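Please read the structure below before turning to the comments.
The values are calculated or read from the model by the stated rules, or taken from the named source; none is laboratory data. Just so it is clear, the model here is predicted, and its values are computed rather than measured. Here the Cβ is made from the backbone with ideal geometry for all residues, glycine too, and neighbour counts use every protein chain on show. We work out accessible area using only protein heavy atoms, side chains counted, and drop any ligands, DNA or RNA first. Shrake-Rupley method; radii C 1.70, N 1.55, O 1.52, S 1.80 Å.
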Amino acid sequence: MLVKTYTAAVNGLEVTTVTCEVSMSRGVQFHLTGLADTAVKESYDRIKAALINNGFKMPTMDITVNLSPADIKKEGSGYDLPLAIGIMAANGKVQEERLSQYMLVGELGLDGRLQPIRGALPIAIRARKEKFKGLIVPQQNIREAAVVNQLEVYGMETLMDVIQFLNGSANYEPTIIDTRKEFYEQQNHYELDFSDVKGQESVKRALEVAAAGGHNLIMIGPPGSGKSMLAKRLPSILPPLSLAESLETTQIHSVAGKLSRDTSLISQRPFRAPHHTISQVALVGGGNNPQPGEISLAHNGVLFLDEMPELSRSVLEVLRQPLEDRKITIARAKYSVEYPCSFMLVASMNPCPCGYYGDPTHSCACTPGQIQRYMNKISGPLLDRIDIHCEIQAVPFAQLSQMQPGEPSATIRERVIRARNIQTERFSSLPKQGGLGRVHCNAMMTERMLHEFAEPDAASLDMLRMAMERLKLSARAYSRILKVARTIADLEGSERVQSQHIAEAIGYRNLDRGDWAERGI
């Protein structure tokens with residue numbers, strides 16, 4: 001007897017519908033085909049124990065299971081449920097009439113309980129696209145899967161619940177979530193606010209410019225000057241996620257297994273702050289079963305690298321291509337996986353090994369050579385890709401002791417949103433060919449767009465030429481200055497890039513100065 005059940009294989013963010021074909025004949029062996037990994041092959045033992053502990057017997061037949069299409073690698077334990085139901089249906093314990101209407105996914109415990117799986121959200125999107133009537137998932141995955149409308153999503157606790165549902169012997173109601181209501185209710189709840197920050201007006205200005213244009217930023221200053229505190233408050237001034245961005249971000253976290261049980265949609269921009277001991281694979285993604293790395297988990301949000309020179313040089317260098325392409329391709333011998341990684345890089349570092357170079361309250365014991373070697377841990381090509389270099393000093397006691405709160409994040413965010421709206425309107429007229437339609441902030445502008453939207457006037461061009469010659473800036477740094485200047489002009493509501501905008505943007509290239517290690521900050 002041949003029975004078919006349906007599930008899905010997740011490869012990166014791509015999901016393929018998988019047909020579980022179960023055939024029974026005389027014999028006592030179990031055969032599993034279809035390019036299954038070890039976790040899938042071990043499903044036989046979990047299924048057998050789950051059936052026995054729920055009052056059933058594993059059929060004493062020759063069971064052949066094929067996971068079609070057979071040329072796509074099948075990974076993980078999410079195939080337990082469709083395989084178990086297929087075996088039960090082939091043995092006459094589950095009715096076949098409803099099997100073609102539902103996609104099944106879930107891991108089985110030995111007691112028959114369903115355990116959570118990764119990728120429930122992209123699987124639900126695929127089930128709707130394939131026009132399945134419904135999707136059956138473990139109860140722990142119900143909120144992320146139920147985000148998808150026009151699809152009946154059922155969260156089940158045990159294998160027996162699924163059997164009773166398919167046989168029609170018990171009634172279960174699909175879970176319905178008001179996605180838009182939950183999404184918009186949680187968008188503006190931030191625990192950290194810029195009103196808590198005393199002083200540091202120049203740094204807050206740099207963060208505002210970075211948020212308005214989506215620019216990468218690095219802060220250099222002594223220990224305790226507030227670099228981490230300021231970086232953690234950056235998400236509170238970023239524009240809110242759109243529903244499409246939220247769905248894309250949630251899919252990545254779903255595939256990585258990073259969504260909590262009570263989460264349906266990620267409503268705030270991600271803020272990822274990995275430790276400086278992180279490996280290349282953990283940062284960009286990969287592994288035997290390729291998973292998203294920190295740069296993809298920060299997609300549409302912020303990747304914060306504290307103590308940047310302490311990261312391995314090889315780890316830092318792998319950031320260069322993702323920062324330009326805004327995607328990462330993980331290639332293996334037989335397949336490749338692509339993840340999006342459009343993030344803002346925010347980094348912090350001390351100015352020297354001891355941390356107190358240029359600090360008026362502490363003496364620095366480092367020589368210029370030691371400072372230069374410390375700075376050289378970050379390569380020139382990587383620094384070129386960071387638009388804004390911001391120096392920060394410790395806040396004096398007079399400002400620190402003030403009880404009056406600073407400017408709140410909500411006020412800064414309003415200015416950032418206005419600037420982003422200007423950019424959205426500017427780029428909305430671009431054709432969608434060649435990827436230009438995906439440009440939504442100044443940091444993503446191409447060279448052709450710079451000539452069209454950020455062309456400086458004669459005075460600004462002279463100023464820029466002098467800066468290029470004196471600081472020996474690269475062509476990439478030239479483009480970054482124009483992008484930042486365009487953002488500063490947008491914050492002021494100026495249609496043209498003017499000399500004062502260029503001057504401020506040049507001031508954000510401090511680390512390009514050749515005498516940096518020989519001067520006071």
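Return the pair list, or none, for Cβ contacts closer than 8 Å from residues in segment 436-463 that are under 15 Å from residue 215 (Cα atoms) and modelled with pLDDT under 90 to residues that are open to solvent by 60 Å² or more (accessible area, probe 1.4 Å) and of a type in the set (S, T, N, Q), at least 6 apart or on different chains.
Every condition considered, the pairs that remain are 440/424.
Quick one: which of 126, 143 is of a type in the set (D, E, K, R), in a helix (DSSP H, G or I) and within 21 Å of residue 19 (Cα to Cα)?
On the way: 143 fails: within 21 Å of residue 19 (Cα to Cα).
On inspection, the qualifying residue turns out to be 126.
With respect to the numbered conditions (1) in a loop (DSSP other than H, G, I, E, B); (2) open to solvent by 30 Å² or more (accessible area, probe 1.4 Å); (3) within 26 Å of residue 347 (Cα to Cα), which one is the sole condition not fulfilled by residue 260?
(3)
Tell me, which residue of segment 288-299 that is open to solvent by less than 30 Å² (accessible area, probe 1.4 Å) and either out of contact with any Lys or Arg (no Cβ under 7 Å at 6 or more places or on another chain) or at pLDDT below 95 (or both) is farthest from residue 235 (Cα to Cα)?
Among those residues, the one meeting the criterion is 290.
Those residues that are under 13 Å from residue 119 (Cα atoms), of a type outside the set (A, V, I, L, M, F, W, C), open to solvent by less than 50 Å² (accessible area, probe 1.4 Å) and in contact with a His (Cβ under 9 Å, 6 or more places away or on another chain), I need them from segment 239-252; list them, please.
Let us first name the residues in segment 239-252 that are under 13 Å from residue 119 (Cα atoms), namely 247-252.
Retained after the next criterion (residues that are of a type outside the set (A, V, I, L, M, F, W, C)): 248-251.
Keeping just the survivors that are open to solvent by less than 50 Å² (accessible area, probe 1.4 Å) gives 249-251.
Result: 249, single match.
If you check residue 183 against the conditions, is it surrounded by 13 or more Cβ atoms within 10 Å (Cβ to Cβ) and either within 30 Å of residue 147 (Cα to Cα) or free of Cβ contacts under 8 Å to residues at least 12 places away in the same chain (or both)?
Here the answer is yes, as residue 183 does meet what is asked.
Tally time: how many residues in segment 382-415 are assigned to a helix (DSSP H, G or I), open to solvent by 50 Å² or more (accessible area, probe 1.4 Å) and either at pLDDT 85 or above or among the hydroxyl-bearing types (Ser, Thr, Tyr) (or both)?
Applying the first criterion (assigned to a helix (DSSP H, G or I)) to segment 382-415 yields 382-384, 397-400, 409-415.
Now restrict to residues that are open to solvent by 50 Å² or more (accessible area, probe 1.4 Å): 397-400, 410-411, 414-415.
Subset that is either at pLDDT 85 or above or among the hydroxyl-bearing types (Ser, Thr, Tyr) (or both): 410-411, 414-415.
Residues flagged as assigned to a helix (DSSP H, G or I), open to solvent by 50 Å² or more (accessible area, probe 1.4 Å) and either at pLDDT 85 or above or among the hydroxyl-bearing types (Ser, Thr, Tyr) (or both) within segment 382-415 amount to 4.
It is to be established whether one or more residues within segment 266-283 are assigned to a loop (DSSP other than H, G, I, E, B), among the hydrophobic types (A, V, I, L, M, F, W, C), crowded, with 22+ Cβ neighbours inside 10 Å and out of contact with any strand residue (DSSP E or B) (no Cβ under 6 Å at 6 or more places or on another chain). Break it down stepwise before answering.
Of the residues in segment 266-283, the ones assigned to a loop (DSSP other than H, G, I, E, B) are 266-270, 273-279.
Add one more test, that the residue is among the hydrophobic types (A, V, I, L, M, F, W, C), and what stays is 266, 273, 278.
Imposing the further condition that a residue be crowded, with 22+ Cβ neighbours inside 10 Å reduces the set to 266.
If we keep only those that are out of contact with any strand residue (DSSP E or B) (no Cβ under 6 Å at 6 or more places or on another chain) too, we end up with 266.
For segment 266-283, residues assigned to a loop (DSSP other than H, G, I, E, B), among the hydrophobic types (A, V, I, L, M, F, W, C), crowded, with 22+ Cβ neighbours inside 10 Å and out of contact with any strand residue (DSSP E or B) (no Cβ under 6 Å at 6 or more places or on another chain): present.
Out of 191, 208, which single residue is part of a loop (DSSP other than H, G, I, E, B), within 22 Å of the chain's Cα centre (by Cα) and of a type in the set (Asp, Glu)?
191
Considering (1) of a type outside the set (A, V, I, L, M); (2) in contact with an Asp or Glu (Cβ under 8 Å, 6 or more places away or on another chain); (3) in a helix (DSSP H, G or I), say which one residue 235 fails and leave the rest.
Tallying (1) of a type outside the set (A, V, I, L, M); (2) in contact with an Asp or Glu (Cβ under 8 Å, 6 or more places away or on another chain); (3) in a helix (DSSP H, G or I), residue 235 fails exactly one: (2).
Considering 114, 135, which residue is surrounded by 21 or more Cβ atoms within 10 Å (Cβ to Cβ), assigned to a strand (DSSP E or B) and in contact with a helix residue (DSSP H, G or I) (Cβ under 6 Å, 6 or more places away or on another chain)?
On inspection, the qualifying residue turns out to be 135.
If you take the residues of segment 25-78 that are part of a helix (DSSP H, G or I), within 26 Å of residue 288 (Cβ to Cβ) and free of Cβ contacts under 8 Å to residues at least 40 places away in the same chain, which of them is least open to solvent (accessible area, probe 1.4 Å)?
40
In segment 458-490, which residues are closer than 19 Å to residue 206 by Cβ and either exposed (fewer than 14 other Cβ atoms within 10 Å of the Cβ) or of a type in the set (D, E, K, R) (or both)?
Result: 480, 483, 486, 490.
Answer with yes or no whether residue 184 is modelled with pLDDT of 90 or more and farther than 30 Å from residue 394 by Cβ.
On the way: modelled with pLDDT of 90 or more: no; farther than 30 Å from residue 394 by Cβ: yes.
Considered against the rule, which asks whether it is modelled with pLDDT of 90 or more and farther than 30 Å from residue 394 by Cβ, residue 184 comes out as no.
Under the condition of being assigned to a loop (DSSP other than H, G, I, E, B) and open to solvent by 70 Å² or more (accessible area, probe 1.4 Å), which residue from segment 368-381 is modelled with the highest pLDDT?
This residue is 377.
Can we say residue 203 is open to solvent by less than 10 Å² (accessible area, probe 1.4 Å) and free of Cβ contacts under 8 Å to residues at least 60 places away in the same chain?
Against the criterion (open to solvent by less than 10 Å² (accessible area, probe 1.4 Å) and free of Cβ contacts under 8 Å to residues at least 60 places away in the same chain), residue 203 does not qualify.
If residue 231 satisfies every condition in (1) surrounded by 20 or more Cβ atoms within 10 Å (Cβ to Cβ); (2) farther than 22 Å from residue 377 by Cβ but one, which is the exception?
(2)
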